[in-house]
1. Residues in the stretch 56-69: is at least one in contact with an Asp or Glu (Cβ under 8 Å, 6 or more places away or on another chain), β-branched (Val, Ile, Thr) and touching a residue at least 12 places away in the same chain (Cβ under 8 Å)?
2. Taking the stretch 5-26 only, how many residues are open to solvent by less than 70 Å² (accessible area, probe 1.4 Å), under 18 Å from the mean Cα position of the chain (by Cα), under 25 Å from GLU69 (Cβ atoms) and free of Cβ contacts under 8 Å to residues at least 60 places away in the same chain?
3. Could you list, ordered by first residue, the pairs with Cβ atoms under 6 Å in which the first is in the stretch 109-132 and aromatic (Phe, Trp, Tyr) and the second is assigned to a strand (DSSP E or B), at least 6 apart or interchain?
4. Kindly state which helices (runs of 4 or more DSSP H) lie completely within the stretch 145-220 and contain at least 1 residues that are on the phi < 0 side of the Ramachandran plot, out of contact with any Gly (no Cβ under 9 Å at 6 or more places or on another chain) and open to solvent by less than 80 Å² (accessible area, probe 1.4 Å).
5. I'm trying to understand the selection: among the residues of the stretch 9-19, which are under 16 Å from ASN204 (Cβ atoms) and either at pLDDT 95 or above or charged (D, E, K, R) (or both)?
Amino acid sequence: MKVLVVDVGGTNVKMLVTGQEEPRKFASGPTMTPKQMIAGVKKLTADWKYDVVSIGLPAPVKRARPIIEPHNLGPGWVKFDFESAFGHPVRIINDAAMQALGSYNGGVLLFLGLGTGLGSALIDQGVVVPMEFAHFPYRNATFEDYLGLRGIERFGKKKWRRYVDAAVGSLIAALNPDDVVIGGGNAKLLKELPPGCRAGNNANAFLGGFRLWDEPRIHQIAAKSKASPRRA
């Protein structure tokens with residue numbers, strides 16, 4: 001089965017299909033509608049053959065449907081019929097959850113994406129649990145206000161790095177994950193990762209999209225990890 005993975009972001013839409021090595025992309029932006037996204041994808045993938053589609057969206061997703069319009073894109077995503085537009089079966093997942101799925105090595109994984117906002121997801125024994133830590137109260141605002149782009153602009157990079165360390169430490173203490181991955185475009189601004197964390201790779205979003213149609217593989221990874229010792 002050939003899978004087309006579409007990673008929709010506020011700046012670019014990136015695509016990769018099973019068997020190809022080089023992703024393709026085009027600019028998105030705050031006015032892009034789902035119809036425009038579909039048109040752009042079809043134009044750039046006209047020579048690719050695929051059976052199913054995985055879409056990562058920067059919005060909360062429930063039962064494979066976006067439940068809130070993406071903040072950094074145009075309108076019309078919640079009620080859009082993606083399967084009819086593509087003419088293939090489609091699975092939709094939150095973009096942070098898709099990258100988390102591609103980063104998963106077993107056990108309980110906490111993924112945090114440092115970007116314009118704050119992406120977050122938890123995977124527990126192969127089950128993806130999308131989270132919305134971005135809007136959880138933190139100090140006198142929210143996690144996103146401190147760890148997202150607004151935090152960098154408001155506090156400066158040095159102080160922002162301290163807030164990242166403190167916030168990640170709090171989440172680790174509360175959730176006790178086996179593995180923590182820090183991804184997103186602003187992760188590169190960290191001089192050092194918070195203790196107990198490893199760096200994410202944006203390419204893992206594509207791997208997550210492929211894995212979205214390969215549930216036996218995810219269960220295999222989870223089962224293999226059960227014999228491994230948990231984080232101290």
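1. no
2. 3
3. Once the first residue is aromatic (Phe, Trp, Tyr) and sits in the stretch 109-132, its partners that are assigned to a strand (DSSP E or B) give PHE111/ALA121; PHE111/VAL181.
4. Output list reads 149-155, 157-175.
5. Residues satisfying the conditions are LYS14, MET15, LEU16, THR18.
The rows are residues; the columns are (1) at pLDDT 90 or above; (2) touching a Phe, Trp or Tyr at 6+ places or on another chain (Cβ under 6 Å).
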position	(1), (2)
TYR146	yes, yes
ILE152	yes, yes
LYS157	yes, no
ALA173	yes, no
LYS226	no, no
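The values are calculated or read from the model by the stated rules, or taken from the named source; none is laboratory data. Owing to the predicted nature of the structure, the values given are computational and were not obtained by experimental measurement. For neighbour counting, all protein chains shown are included, and Cβ atoms are generated from backbone atoms with ideal geometry for every residue, glycine included. For the accessible areas, the whole protein counts, side chains as well, though only heavy atoms, and no ligand, DNA or RNA atoms are used. Shrake-Rupley method; radii C 1.70, N 1.55, O 1.52, S 1.80 Å.
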